[in-house]
Each structure stands twice: as C-alpha cells, then as structure tokens.
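Nothing in this text is a laboratory measurement; each read-out follows from the coordinates by a stated rule. Small disclaimer: the values here were computed from a predicted structure and weren't measured. Note that each Cβ is placed from the backbone with ideal geometry, even for glycine, and that neighbours are counted across all protein chains shown.
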Amino acid sequence: QVQLVESGGGLVQPGGSLRLSCVASGFTFGSRTMKWYRQAPGKERELVAFIYDDGSTNYADFVKGRFTVSRDNAKKSVYLQMVSLKPEDTAVYYCNVVLGTRPYWGQGTQVTVSS
C-alpha cells in the first residue's frame, strides 16, 4: 500500500523559512522521481519541484533560488527547504509519486505566509 505523509507546514512571516518532509512507504523509494506540488485556494495544483532518483533536481521558475528539494533514500523521505517565503507561497503542499501511470498523493501540509 503506497503512502505519502507530509509534515512541517505552518504559519510563517514573510521572509521566513520552513522545511517540509514527506515520508514514503509501499514502493521502492530510491528508484522513483519524487515531486512537490502546491495548491492555493481557488487555484489549480501546480508543480513546485522534483528530484530524480539520481538526485538531480528541477524547479518551477517562481521558486528558483528560494526552495531546495532533497531526498534521503535510507529514510524514504523527500524534503522541501523553503526560504525567503512570500505571501503568494501560501498553499497546501503535496508530495507526489507516479507508479506506472497512476499518481499518488499525500494528504498535504498547509503553509501560510502572513504577517
């Protein structure tokens, strides 16, 4: 049974930092590309960043230079370090993996950037 469990969200002031975590189970984590998405109220879910099995990464333009995705295969975990947060980063952040053609999602973790 595939499970993705996110944590680490919260309320932070503009300019602040947060580190999101996603713990995976039920599949061979080390061989899979892991992705972070987000969805703001009233908006579509959008891709934020992803990390390949070899550790190479890719980022959406709106987070480049501010967010860093990483993984720990021994812990079956993927992380999203977020710095210089902006109010427009407010969203529910989701961890994602695609197995075959099926996407799996975690429950999400809320990030709110507000003064």
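Using a Gaussian network model of the chain whose springs link C-alpha atoms within less than 10 Å, name the residue from Val97, Val63, Val48 with the highest mean-square fluctuation.
In the Gaussian network model the winner is Val63.
Which ³J(HN,Hα) values in Hz, rounded to whole numbers, follow from the phi angles of the stretch 76-91 under the Karplus curve 6.51 cos²θ - 1.76 cosθ + 1.60, where θ = phi - 60° and Gly and Pro get x?
Once θ is set to phi - 60°, the couplings for the stretch 76-91 become 6, 10, 10, 10, 9, 8, 10, 10, 6, 5, 10, x, 6, 7, 4, 4 Hz.
For Thr68 and Arg45 in one chain, what is 0.36 nm times their gap in residues minus the Cα-Cα distance, to one decimal in nm? Present the calculation step by step, with values, prior to reporting the outcome.
Numbers: separation 23, 0.36 × 23 = 8.28 nm, distance 1.90 nm.
Residue separation times 0.36 nm, minus the Cα-Cα distance, leaves 6.4 nm.
Skipping prolines and chain starts, which residues have an amide H placed within reach, meaning under 5 Å, of the one on Gly108, given they are 5 or more residues away or on another chain?
Glu6, Cys95
Residue by residue through the stretch 36-45, what is 3J(HN,Hα) from phi via Karplus (6.51 cos²θ - 1.76 cosθ + 1.60, θ = phi - 60°)? Round to whole Hz and write x for glycine and proline.
So the J values, rounded to whole Hz, are 10, 10, 9, 9, 8, x, x, 10, 7, 5.
Can you give the extra length, in nm with one decimal, that the chain gains between Ser25 and Val83 once fully stretched, where that is 0.36 nm per residue apart less the Cα-Cα distance?
Between Ser25 and Val83, full extension yields an extra 18.1 nm.
Considering only lysines 8 or more places apart in sequence, or on different chains, count the pairs in the chain whose C-alpha atoms sit under 26 Å apart.
10
When 1/r is averaged over all different Cα pairs and the result inverted, which Kirkwood radius in Å belongs to the stretch 8-106?
Radius from the Kirkwood sum: 13.8 Å.
Hey, got the dipole for the chain? About the Cα centre, +1 on K and R Cβ, -1 on D and E Cβ, debye to the nearest 20? Walk me through the numbers before you get to the answer.
On the way: 13 positive and 9 negative charges, 24 e Å.
That gives the chain a dipole magnitude of about 120 debye.
Put +1 on the Cβ of each Lys and Arg and -1 on the Cβ of each Asp and Glu in the chain; which of Val2, Gln39, Gly106 then has its Cα farthest toward the positive end of the dipole?
Val2
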